[in-house]
Amino acid sequence: MAPCRIIYLGTPDFAVAGLRALVEGGYNVVAVVTMPDKPAGRGHQVQYSPVKQYALSVGLPVLQPERLKDETFIEQLRSYHADLQIVTAFRMLPEVVWAMPRLGTFNIHAALLPHYRGAAPINWAVMNGEKETGLTSFMLKHEIDTGNMILQERITIDENEDVGSVHDRLMALSAPLTLRTVDLIIDCDQRGVALPVTPQPEWPDLKPAPKIFKEDCQIDFSKTALEIKNFVRGLSPYPAAWCNLDIKGQHYENVKVYKVTIGDGPIAIPCADGNISIDELQLPGKKRMNAKALLNGLH
């Protein structure tokens, strides 16, 4: 039997781990789909996505459609005759794309589905003070992040861990989970048996993970210290919680806050049940620094 022809769809760093594992594992990746190039930085130089950079480094064809329903793109995709498609940290796909391969399309989602469906699952899990999270591989269908589950991996979240650390640990886990899922699909196909999947339960209290905008990141000091701590670490280092501060008689707008502790400290602010102390922050136009260094540098 010919090797399973795979098309991989992804854009950010998080998606590179799975692609690299497939390539280095000798799997038959025939093409990669990623977001169009975009200008970035002060010079507005065109910047390739991390997935495109890796794909080019190993000589893989790269498709970058502006519109996923564009007929030219659809025909390009069909020309690769993929048996299987894999999606990691990409856009929502139309049915004409995800239903194209004979073995379907599966997604690696950075949450323990059915909770945290949506664009920012890692952030919301930490912001909500979850003690664990993980990864789910599942088959795509119409409604976003609702398809039948294939495999899951779990990790614990430390109470002082920020979203950057959780992101990196899940990214490392995504590579072996991708390979295990592909191996299971190929094995079932070769043996002519159905893929063992689990339908997602529809509980009434499912926790969502919608996209996060800047206005969602403002710290509400009327909340409890623990709620504020979880909020800050769930947005650190990106996109970063923020607030407006008066420090030593000077007013600062849009101060990014990266780390807080419960109780008194260099910059202590009253909240619902005591004080919350800002430990690491960044003033507009300045570098990230700890609060003591900032106060020592202010006149």
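Tabulated values for the structure
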item: Set Ile155, Ile185, Ile212, Ile144: member being modelled with pLDDT under 95 and among the hydrophobic types (A, V, I, L, M, F, W, C); result: Ile144
item: Failed criterion for Val96 (all others in (1) among the hydrophobic types (A, V, I, L, M, F, W, C); (2) open to solvent by 40 Å² or more (accessible area, probe 1.4 Å); (3) within 19 Å of Leu22 (Cβ to Cβ) hold); result: (3)
item: Residue within segment 130-137 that is open to solvent by less than 10 Å² (accessible area, probe 1.4 Å) and closer than 19 Å to Gln64 by Cα present; result: no
item: Selected residue (criterion: nearest to Leu77 (Cα to Cα)) from residues of segment 99-117 that are touching a residue at least 12 places away in the same chain (Cβ under 8 Å), open to solvent by 20 Å² or more (accessible area, probe 1.4 Å) and part of a loop (DSSP other than H, G, I, E, B); result: Met100
item: Complete set of residues in segment 141-163 that are among the acidic types (Asp, Glu), free of Cβ contacts under 8 Å to residues at least 40 places away in the same chain and assigned to a loop (DSSP other than H, G, I, E, B); result: Glu143, Asp145, Asp158, Glu159
item: Residues of segment 129-140 that turn out to be more than 13 Å from Glu161 (Cα to Cα) and part of a loop (DSSP other than H, G, I, E, B), as a count; result: 1
item: Close pairs from segment 40-51: first open to solvent by 60 Å² or more (accessible area, probe 1.4 Å), partner outside any loop (DSSP other than H, G, I, E, B) and among the aliphatic types (A, V, I, L, M), Cβ under 7 Å, at least 6 apart; result: Gln47/Ala40
item: Single residue of segment 217-234 satisfying the filter (open to solvent by less than 20 Å² (accessible area, probe 1.4 Å) and out of contact with any helix residue (DSSP H, G or I) (no Cβ under 7 Å at 6 or more places or on another chain)) that is farthest from Val163 (Cα to Cα); result: Ala225
item: Unmet criterion (only one of (1) in contact with a Cys (Cβ under 9 Å, 6 or more places away or on another chain); (2) farther than 25 Å from Ala119 by Cβ) for Glu227; result: (2)
item: Residue selected from segment 247-299 under the condition open to solvent by 80 Å² or more (accessible area, probe 1.4 Å) and closer than 20 Å to Lys223 by Cβ, by the criterion modelled with the lowest pLDDT; result: Asp264
item: Per-region count, segment 197-242, residues assigned to a loop (DSSP other than H, G, I, E, B) and either under 22 Å from the mean Cα position of the chain (by Cα) or touching a residue at least 12 places away in the same chain (Cβ under 8 Å) (or both); result: 25
item: Options Val166, Val126; residue that is touching a helix residue (DSSP H, G or I) at 6+ places or on another chain (Cβ under 7 Å), surrounded by 16 or more Cβ atoms within 10 Å (Cβ to Cβ), without any contact (Cβ under 8 Å) to a residue 60 or more places away in the chain and part of a helix (DSSP H, G or I); result: Val166
item: Residue within segment 10-20 that is open to solvent by less than 30 Å² (accessible area, probe 1.4 Å), among the charged types (D, E, K, R) and in contact (Cβ under 8 Å) with a residue 24 or more places away in the chain present; result: no
item: Subset of segment 240-255 [in contact with an Asp or Glu (Cβ under 9 Å, 6 or more places away or on another chain) and not hydrophobic (A, V, I, L, M, F, W, C)]; result: Asn244, Tyr252
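Listed here are the residues, each with its yes/no results for (1) β-branched (Val, Ile, Thr); (2) farther than 30 Å from Ile157 by Cβ.
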{"position": "Ala40", "(1), (2)": "no, yes"}
{"position": "Val46", "(1), (2)": "yes, yes"}
{"position": "Arg67", "(1), (2)": "no, yes"}
{"position": "Gln76", "(1), (2)": "no, yes"}
{"position": "Ser79", "(1), (2)": "no, yes"}
{"position": "Trp98", "(1), (2)": "no, yes"}
{"position": "Pro101", "(1), (2)": "no, yes"}
{"position": "Ala110", "(1), (2)": "no, no"}
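The values are calculated or read from the model by the stated rules, or taken from the named source; none is laboratory data. Remember, it's a predicted structure, so these values are computed and weren't measured experimentally. All Cβ positions, glycine included, derive from the backbone under ideal geometry; neighbour counts span all protein chains shown. Areas reflect the complete protein model, heavy atoms only, side chains present, ligands, DNA and RNA absent. Shrake-Rupley method; radii C 1.70, N 1.55, O 1.52, S 1.80 Å.
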